[in-house]
Each structure stands twice: as structure tokens, then as C-alpha cells.
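What follows is a single structure, written as C-alpha cells, with notes after it.
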Amino acid sequence: MKKIKHISIASIIGLVLLIFASCDDSSELFNVSANPNAAVLADLNFTMIELDAVNTSNPAVTLNWQSANYEQQTSINYSIEFASDVDFTAPVVASSITGQTSITLSVNEINAAAGNSGLNPFEWATLYVRVVSSIGSQNGLPIPSNTIQFEVYPFYNYVFSDYYLVGDATAPGWNNNNNNPALFRDPTDSNVFYYTGFWAENGHFKVLETKGLWQPQFGTDDGATVGNNPGGGTDPERFPYGGGNGIPAGFHTFKINFASNTFTFESFDASGAVSPASLTLQGSSSANISMSPLSFDGHIWYATAVRLIPGELSFVTDSNSSWGGSTSFSGVATDGGSAVPIIVEDDYDVWFNDLTGRYIFIPLNL
């Protein structure tokens, strides 16, 4: 028992590492200090930074630190962590490097770290940063450095893609910049989009990512999977099945999944559906905004380039029914539902489908 008591901490650590090493022939055996020294993060030469939403790839912050000391000739891993509080309750790892003691992060990386840490866009707030050292492929013996901080003014990072219809089965025809209806993004899966509405007899269509541009362009060459020309390639055939006689006139639901590259096109029963005589956006984000129905399909409503501020909005009918949903940017509204949160100021194109309650707010400048 006395011999066991006199075994050093360093020996115990070495024994543990030896056991793990014996399970993996490719692992290295480390004999590390019982009291390794943490990295020392140097102070910055500024206290405030306003992030530029235009030049997002430009360098924003360079961090330098004195190397951690594990008393072992091995490369040391460093994780760069950010948080909204000094206790790092919910740290965000912005980047990781090995064997270096300096890193430069771009405007976009700092903005993402601020947003993921919970800081609001377009507001000054404190962002905390530290470096966490570790060793080995399993990041063993992690040790945080000292903490430094600076004030940051983030912009909003709009992470979604938006998509539009074009084709002789749709309202704009084969014009890629003719108030093309937007697809409605699923609020829980940003890869999935829907469009339920009227389609013209014997027509076809494609999906565009940017109004006014023919690529990126999406279609199908086999009637089951999604084809894509991101630019400079060959355009895919038209939905829903390329050639043939096209779509039977009537109401259908188009669903596309950009992650699995699959789609469906199914008939929709719109019998008995009656659109409101008028529809207005009302709430704290703007003065009342009148929406217009498509003449091609009166169930699809839109408002173009309307300025909205942080707050909330509902879709209010002429009979004072108030439709809303709890998710920002896109979702499914219900009669009497909570107002849609508007979380960032910008000009928006707004689309609403009174058949399904689906809505989408597309910022034009983010």
C-alpha cells in the first residue's frame, strides 16, 4: 500500500496513456507533465470592431498566444473558442489548428462566431475568446488559456438559399425575371421546399436560384431525380418529367429536396377553397402592407421589396382573420396563430399561400 501511495501523478498519467496506446498500435506514448502550463493569449491592439457585411473574406482578427507546455516533444492542438459570457457557458469553436501559435480569422468567421454565441445582429456586444490546448488525436488533457474580450458589431448572416419557378406551366412563363413565384421553404428542413398552386395545361417548368439568371437551374432528366446546372454545364430537362404532354391543368403540389435530389409532383384538391377578398401584413415590423394575389392563381399572394424592422407580422384578411406562425423567414401560418417574428431589418419579398398557410420572407440585401 505504501508503494502505491508514492507513485507520482506523472506516472499514473503515463500508465493511463500506455493502456490507451496498447489498444491502438498507431497511437504515440506520451509522458506529460503532471502540471502542464496553459497557453497565454495575448491582448488585442483594439477594443471594438464593426464587421463589414460586404467584404466578408477580409481578415478581421489575428490571435497570438504563448505555447502551452506539456513537457513533451509533440504537436499541440489549439481550439479557438468564443462565447457571449466570461464563463463560456456555451462555447463556440471557430477554428482549430495544430502546432501553431497564431491564427487570423476572417470577417465571416468572427460574424459566425458572434451569431452562434447568441449575439444579436446590428448591436454592440461583448465577445469573449480563449484558446484551449490539447494533445494527441483524441485531444487529451484540454487546458483553457486566459480569456480576452472585445466589443463586436455583427451583421446578420442569412444562411438560406431561395428558389423560384419559371416555365409555361407557371405565372411568369419562360421569363426568368417576371415576379417569379418563390418556393416555400420547410421551417424545420432548409433543404426541402414546396409549391402548391395552379399549373397551366400541358406546361412544364424549372427552378431557378436567382431571379434574372438561368443558372443555377434545376430540372429532371428521368422524372424521379433532380438535375442541376450550377453554371457552365448542360441544363437539365424540364419538370415534372421532361418531355411528353406536360402537366394536366389544375392544382398540384410540387415538393423538392435539394439534399437527396428528389422531387414529387402530386394532384391537390382545391375544391371549395375560397381566397380572402384582401390580405394585409400587419404588426410592429411595419405599417400595414397590402398584398396582391397572382392573377394566374389567386391563392398565391405577394408583396415586393417592403421594408421591415425587427418585430412581428401577421397576415390579416378582410374579415379580420389573423394568420401567423412562430418561425422566422419561412413557416406555416394558422388562423389565430402567433405573429411571424421579423428578426432583422431589411427589404423583403413576401409570399403567402392561402391554400396551405405557407409563407416565406426573402431578404433582398442580406
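The values are calculated or read from the model by the stated rules, or taken from the named source; none is laboratory data. Quantities reported herein were computed from a predicted structural model and do not represent experimental measurements. Here the Cβ positions follow ideal geometry from the backbone for every residue, glycine too, while neighbour counts run over all protein chains shown. Ligands, DNA and RNA are excluded from the accessible area calculation, which covers all protein heavy atoms including side chains. Shrake-Rupley method; radii C 1.70, N 1.55, O 1.52, S 1.80 Å.
Principal semi-axes of the equivalent ellipsoid, √(5λ) from the alpha carbon gyration tensor of region 78-180, are 41, 18, 11 Å from largest down. Legend: translational diffusion of region 31-116 by Stokes-Einstein, Rh = Kirkwood radius over C-alpha pairs, 10 °C, 1.306 mPa s; D = 109 µm²/s. Each peptide in 92-98, 65-71 was scored by the mean count of other Cβ atoms within 10 Å over its residues; highest first, the order is 65-71, 92-98. DSSP bridge analysis restricted to the chain gives an antiparallel fraction near 95%, rounded to the nearest 5.
Between the residues Val207, Leu127, Ile300, the greatest Cα displacement towards the positive end of the dipole of the chain, with unit charges on the Cβ of Lys, Arg, Asp and Glu, is found for Leu127.
Relative to the current alpha-carbon distance between Ile343 and Ser67, full extension at 0.36 nm per residue lengthens the span by 95.3 nm.
Between Thr264 and Asp87, the modelled labels are 4.7 nm apart [label points 7 Å from Cα along Cα→Cβ].
Rounded to the nearest 20 debye, what is the charge dipole size of the chain about its Cα centre when +1 sits on each Lys and Arg Cβ and -1 on each Asp and Glu Cβ?
Roughly 920 debye, rounded to the nearest 20.
Surface composition of region 97-201: carbon and sulfur make up 42 percent of the accessible area, probe 1.4 Å. Whole-percent P(r), region 104-247, all Cα pairs, 10 Å bins from 0: 10, 26, 21, 16, 16, 9, 2.
Spin-label model, Ser102 to Thr210: label points 7 Å out along the Cα-to-beta-carbon direction sit 3.6 nm apart.
Measuring nothing but alpha carbons in region 180-238 and taking Rh as the Kirkwood radius, the Rg to Rh ratio lands at 0.96. Quarter the surface of the alpha carbon convex hull of the chain and you get the mean projected area, 25.9 square nanometres. Note on region 227-300: along the principal axes its Cα atoms extend 45, 32, 22 Å, ordered by decreasing extent.
Would you calculate, for the chain, the mean residue ellipticity at 222 nm contributed by helices, counting each DSSP H stretch of 4 or more residues as -39,500 (n - 2.57) and dividing by all residues, to the nearest 500? It would help to have the intermediate numbers written out before the result.
Numbers: 3 runs with 28 residues, N = 366.
Taking each H run of at least 4 residues, the total per residue is -2000 deg cm²/dmol.
Sequence-distant contacts, meaning Cα pairs under 8 Å at least 6 residues apart, place the relative contact order of region 250-317 at 27 percent. Counting only alpha carbon atoms, the long axis of helix 107-116 and the longest principal axis of the chain meet at about 90°.
For region 161-320, the Cα gyration tensor yields ellipsoid semi-axes of 29, 19, 14 Å (square root of five times each eigenvalue, largest first, whole Å). For Trp323, the residues 5 or more places off, or on other chains, whose built amide H falls under 5 Å of its own are Phe315, Val316, Thr317, Gly336.
For region 298-366, state the average projected area of the convex hull of the C-alpha atoms over all orientations, rounded to one decimal in nm². Could the numbers behind the result be given before it?
Working: hull surface 17.2 nm².
Mean orientational projected area (region 298-366, Cα hull): 4.3 nm².
Accessible surface computed residue by residue for the chain, with neighbouring protein chains in place and a 1.4 Å probe, gives 49 Å² per residue.
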